[in-house]
1. Considering only the other residues whose Cβ falls under 11 Å of the Cβ of Pro93, what net charge follows from Lys and Arg at +1 and Asp and Glu at -1?
2. Kindly provide the helix-only [θ] at 222 nm of the chain, computed as the sum of -39,500 (n - 2.57) over DSSP H runs of four or more divided by all residues, to the nearest 500 deg cm²/dmol?
3. Restrict the search to region 50-133; then list the trypsin sites (Lys or Arg not before Pro) that DSSP places in a loop and that have at most 10 other Cβ atoms within 10 Å of their Cβ.
4. Separation between the Thr103 and Glu159 pseudo-spin-labels, each 7 Å from Cα along Cα→Cβ, expressed in nm?
5. Please order Lys157, Lys12 by the number of other Cβ within 10 Å, starting at the fewest.
6. Can you put Trp113, Trp183, Trp39 in order of Cβ neighbours within 10 angstrom, beginning with the fewest?
7. Which one, Trp56, Val146, Val165, projects farthest toward the positive side of the charge dipole computed for the chain from Cβ point charges (K/R +1, D/E -1)?
8. Using a Cα-Cα cut-off of under 27 Å, which lysines could be cross-linked to Lys61, ignoring same-chain neighbours fewer than 8 residues away?
Amino acid sequence: MNNNELPSDFRKALLEMLRDVRHAEPLRAAALAGRLTPWTTALTSAAVEACQRLGWRASAKGHHAELLPVSRGEYLNLDVMAFGAGESRWRFPLAVMELENQTREDFIAYSLWKLLSVRAELRVLFCYRKEAAEAGPLRKHLQEQVVEALGIGNRVKLEGSTVLVIGRRGEAETFPNGFFAWWELETNTGRFESF
């Protein structure tokens, strides 16, 4: 698998999982009701299964992967951590994900900052907004408050891809495709670009 394709490959795998009624119905119902704890639980299960579909071994709350010598649901207090193939007992993650169910911008910014602090080929931040029009201002806030704080020198040294995914209740009728807005961080400009 070409690592430049990781964001697109993960997106495709996740959307496939979200077409399965086991994941689609609980996630859609939670989003429509604005119940973010069940939203996180449903999205976590779908993300873990998407990782498995890609051949990765994922660990998350309620989804233990006995891959490292210390078995955990969450490693480093990250919601999802996925590992590629390998023999090493202590390997670096291939992908790390945060599924932020808080609506305050600073909580979401903290989750992005946490992801940017971890070495991985793919970092994904999921968050939620009630209306589609709220996604743009949140994206701008994250760019200005977190990405710009890195400084250009540190930003261009980031390895791997960083993806921002915002679920919007206002777009729930087009679930799963239109429900999520996807952006990837362009390290040269410091902007999240739609993909």
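What follows draws every value from the coordinates through simple rules; no lab data is involved. What you see is a predicted model; the values in this text were computed from it and never measured. Cβ atoms come from the backbone with ideal geometry, glycine included; neighbour counts cover every protein chain shown.
1. Values: positive: Arg57, Arg91, Arg119, Arg123; negative: Glu121.
Combined, the nearby Lys, Arg, Asp and Glu give +3.
2. Working: 6 runs with 72 residues, N = 195.
Counting only the DSSP helices, I get -11500 deg cm²/dmol.
3. Numbers: sites: Arg53, Arg57, Lys61, Arg72, Arg89, Arg91, Arg104, Lys114, Arg119, Arg123, Arg129, Lys130; in loops: Lys61, Arg72, Arg89, Arg91, Arg104, Arg119, Lys130.
Passing both the DSSP loop test and the Cβ count: Arg89, Arg104.
4. Calculated label separation equals 3.9 nm.
5. Working: Lys157 10, Lys12 14.
Listed from fewest to most nearby Cβ atoms, that is Lys157, Lys12.
6. Details: Trp113 18, Trp183 21, Trp39 24.
Ordered by Cβ neighbours within 10 Å, fewest first: Trp113, Trp183, Trp39.
7. Of Trp56, Val146, Val165, it is Trp56.
8. Cα-Cα hits under 27 Å: Lys12, Lys114, Lys130.
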